[in-house]
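The values are calculated or read from the model by the stated rules, or taken from the named source; none is laboratory data. What you see is a predicted model, and the numbers here were worked out from it, not measured in a lab. In this analysis, Cβ positions are derived from the backbone assuming ideal geometry, glycine residues included, and neighbour counts consider all displayed protein chains. Quick note on the areas: whole protein, heavy atoms, side chains included, nothing else; ligands and nucleic acids left out. Shrake-Rupley method; radii C 1.70, N 1.55, O 1.52, S 1.80 Å.
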Amino acid sequence: MKLGIIGLPSSGKTTIFNALTKGDAPTGQSMGGRFDVLTAVVDVYDPRVDVLTKMFNPKKTTFAKITYTDVAGIKKGANEGGGMSGELLNHLSGLDGFVHVVRAFASDLVPHPDGSVDAVRDLEILDTEFLLNDLGVVERRMEKIEDGLRKGATKNKAAAQAELELFQQLNETLSEERPLRTLHLTDEQEKMLRGYGLLTLKPTVVIINIGDDQAEVNLNYDHPQTVVTNLRGKLEMELAQLSAAGDTESLEMFMEEYGVTELSLDKVIGLSYDLMGLQSFLPWVKTKCGPGRSSAKQRP
Ligand SMILES: Nc1nc2c(ncn2[C@@H]2O[C@H](COP(=O)(O)OP(=O)(O)OP(=O)(O)O)[C@@H](O)[C@H]2O)c(=O)[nH]1
Ligand SMILES: [Mg+2]
């Protein structure tokens, strides 16, 4: 499962990528809208696996995995003049979901590219880019189906008509500025849409990137298949890096200073995993139970 970390320039994408993956990729290096990706695979921590490991002492403990990619290169107005670059779109379409980083932190050292910090505005800017992209895809497809029907070139007219109706529904939703994941599609409809790489259809975790001493921000952003959470990106990155370096003493000191009781990375990774509608599977328990048992019994 692959999730893309997206957001406007200087929102803290690489910082949060490092916080989630215990990485040390350089931050604060403006990509100037240039397409680039970083990738890392993380374990989805599941406390049940710890309990079972203690009980059964297996040779190998396997956690579920998520791949995060840090996607640089999306900026305001990306859809003007021919749309997002093919390379960027290709990458975005191939992802299973998004982690959308929205800047709420203020910093004199890192001026906001638009001159002021406004999380609601920024969230909307990128949402609009995705909506416009999907609207273009939907309109082109509708034209093609209508063309085929008009010219009598369509073999299965009933199927084309059903597809056209679905795309008309998508068109209405997007025109009302609602993301496609707000629609309750049937399995069959989802299957029909799989090949189109529609961006607003993908499940999304919105991370509000707040400053070290800042209170949590509420964006009133309520959509199906969407979760919203606050994260002190820079602080969490520093904690994750201390943890990766095995510097327990500094880590504990730091956590106490900022009143942090646990690293947020496991929480956010868990949120992403749950959002994708997946449940941790415990493969080695399956082996212990032997074949032929129901999967329900393999789960504690
Ligand atoms: N004070 C503060 N600074 C932050 C925070 N998150 C990121 N920064 C700083 O903001 C700058 C940009 O962060 P990056 O993580 O590189 O942002 P980005 O979204 O990856 O930027 P691009 O890749 O250029 O689009 C860096 O100097 C970070 O140290 C935060 O929570 N608080
Ligand atoms: Mg970056």
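Things worth noting here:
- Scanning segment 11-40 for residues that are at pLDDT 95 or above and touching a Lys or Arg at 6+ places or on another chain (Cβ under 8 Å) yields 11, 12, 15.
- Candidate set from segment 208-238 (those that are free of Cβ contacts under 8 Å to residues at least 40 places away in the same chain and assigned to a helix (DSSP H, G or I)); member that is farthest from residue 184 (Cα to Cα): 238
- In segment 102-132, the residue that is farthest from ligand 1 (Cβ to nearest atom) out of those that are of a type in the set (A, V, I, L, M, F, W, C), open to solvent by less than 60 Å² (accessible area, probe 1.4 Å) and within 15 Å of residue 74 (Cβ to Cβ) is 131.
- Elements of the type helices (runs of 4 or more DSSP H) sitting completely within segment 2-95 and holding at least 2 residues that are away from ligand 2 (no atom under 13 Å from the Cβ) and within 18 Å of residue 130 (Cα to Cα): these cover 86-93.
Residue-wise test of (1) in contact with a helix residue (DSSP H, G or I) (Cβ under 8 Å, 6 or more places away or on another chain); (2) on the phi > 0 side of the Ramachandran plot.
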site	(1), (2)
27	yes, no
34	no, no
42	yes, no
50	no, no
53	no, no
74	yes, no
83	yes, yes
90	no, no
93	yes, no
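- Residues that are open to solvent by 60 Å² or more (accessible area, probe 1.4 Å) and either more than 22 Å from residue 19 (Cβ to Cβ) or at pLDDT below 85 (or both), drawn from segment 244-282: 277, 278, 279, 281
- Selection from segment 157-215 of residues that are within 16 Å of ligand 2 (Cβ to nearest atom) and either open to solvent by 20 Å² or more (accessible area, probe 1.4 Å) or in contact with a Lys or Arg (Cβ under 9 Å, 6 or more places away or on another chain) (or both): 209
- From 23, 33, residue being more than 15 Å from residue 10 (Cβ to Cβ) and either of a type outside the set (Val, Ile, Thr) or open to solvent by 50 Å² or more (accessible area, probe 1.4 Å) (or both): 23
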